[in-house]
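To start, the structure itself, in structure tokens.
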Amino acid sequence: ATAWLAGSGVALGERGEVVADSGLMTSVPDVYAVGDCASFPSARYGERLLVHHWDNALQGPRTVAANILGQAAGRAPAVYDPVPYFWSEQFGRFVQYAGHHADADRTVRRGDPAEPAWSVCWLRGSRLVALLAVGRPRDLAQGRRLIEAGTAMDPELIADPGRPLKSATA
């Protein structure tokens, strides 16, 4: 609900979100925006992201606080560019997703979706850019770190659900 900001000087995006810069500052100096009301530019994914999950609202304030405190101390601005993350429980299954797969060029499945636990990985070139894990929290934890690091991966090793994801590097 951002319509009340119309005419305030705070720029709103095409989806009605508050447009923030890489440090989460809005178009109005010293006014910041975090959470699912704000989009931010992602260097990691090469586009502006709007993440609708409470994890985003928990992570953003750290960057804002660092920028407010750093500005007073003359430090370079902190950049907000997390690996997006969400989770849910659906039909008794724990579902987790990390990353952003809009421009992925390869999909690799780990396990059988008819089983209670499986994952899907999305790659751009050899880099893991997103992962959906159903009942496989270890895949999610390892995958999130691999996405953050930009690690080159071997798709054939990724496909083996018995192999830890962190050992499927190229």
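The values are calculated or read from the model by the stated rules, or taken from the named source; none is laboratory data. Remember, it's a predicted structure, so these values are computed and weren't measured experimentally. Note that we place each Cβ from the backbone using ideal geometry, even for glycine, and neighbour counts take in every protein chain shown. Please note that ligands, DNA and RNA were not included when accessible areas were found on the heavy atoms of the full protein model with its side chains. Shrake-Rupley method; radii C 1.70, N 1.55, O 1.52, S 1.80 Å.
Remark on R110: its backbone amide H falls under 5 Å from those of S119, V120, C121, a criterion applied only to residues 5 or more positions apart or on other chains, H modelled at 1.01 Å from N. The apolar share of the surface of the chain, taken as the fraction of accessible area on carbon and sulfur atoms (1.4 Å probe, ligands and nucleic acids excluded), comes to 56 percent. Restricting the calculation to Cα atoms, the chain yields a radius of gyration followed by a Dmax of 18.1, 55 Å.
Principal-axis analysis of the Cα atoms of the chain puts helix 137-149 at an angle of about 60° to the longest axis.
Could you state the accessible area per residue of the stretch 1-98 in Å², with a 1.4 Å probe and every protein chain left in place?
Details: 5530 Å² over 98 residues.
The answer is 56 Å² per residue.
Accessible area of H100 (1.4 Å probe, protein heavy atoms only, ligands and nucleic acids ignored): about 40 Å².
How big is the charge dipole of the chain about its Cα centre, in debye rounded to the nearest 20, if each Lys and Arg gets +1 on its Cβ and each Asp and Glu gets -1 on its Cβ? Write out the running numbers ahead of the final one.
Details: 17 positive and 18 negative charges, 85 e Å.
Charge dipole of the chain: 400 debye, to the nearest 20.
Highest first, please rank the peptides 123-136, 154-167 by the mean number of other Cβ atoms sitting within 10 Å of their residues.
On the way: 123-136: 20.7, 154-167: 14.9.
Peptide ranking by packing, descending: 123-136, 154-167.
Each of R145 and R62 was given a label point 7 Å from its Cα along the Cα-to-Cβ line. The distance between the two points is 1.5 nm. To the nearest ten degrees, helix 54-73 and the longest principal axis of the Cα atoms of the chain are 50 degrees apart. In this simple spin-label model, placing a label point 7 Å from the Cα along the Cα-to-Cβ direction at both E156 and T107 gives a separation of 2.3 nm. Using the Karplus relation 6.51 cos²θ - 1.76 cosθ + 1.60 with θ = phi - 60°, the per-residue 3J(HN,Hα) values for the stretch 153-158 come to 10, 9, x, 5, 6, 4 Hz, with x marking Gly and Pro.
Only helical runs count toward this figure. For the chain, summing -39,500 (n - 2.57) over DSSP H runs of n ≥ 4 and dividing by all residues gives -7000 deg cm²/dmol at 222 nm.
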